[in-house]
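These notes concern the structure reproduced below.
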Amino acid sequence: MIYLSHTLNMILLYIIFTVYIVAVNFYAVTLLKSQKDEYGDDEKPVGDGKIILTAILGGALAIYVSMFVMRYRLKNLLFMILMPVVAVLNIWFFYQAFRSGFTFFIIG
């Protein structure tokens, strides 16, 4: 009975983490789209804090792909270098989390 409960908890944790990844990436795409709609192709200064924070939280790959699909902010050297690096780190972290069974979340 205890093993079944542990298995259900692990499945629930996998589902929650997968939904989190999908939600952050969806938010990243909508954030970039809303900034493009608001500012267009003008070179106005735009707060990059939300984009960078969203990338660090797991949406870097979606931001990087969306930049090319929407042809938005491609001249920004910071994004063109930072997003692929953060995307690789995100993918590595997600892979390690799924492979380890989220044991780094277990305390005691």
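What follows is calculated from the coordinates using simple rules that are stated; it is not laboratory data. Worth saying up front: this structure is predicted, and the values here are computed from it rather than measured. Every residue, glycine among them, receives a Cβ derived from its backbone with ideal geometry; neighbour counts consider all protein chains shown.
Structural remarks
- Scanning region 28-40 for residues that are under 16 Å from the mean Cα position of the chain (by Cα) and buried (at least 17 other Cβ atoms within 10 Å of the Cβ) returns ALA28, VAL29, LEU31, LEU32.
- Counted residues, region 58-108 - those being among the hydrophobic types (A, V, I, L, M, F, W, C), assigned to a helix (DSSP H, G or I) and surrounded by 15 or more Cβ atoms within 10 Å (Cβ to Cβ): 14
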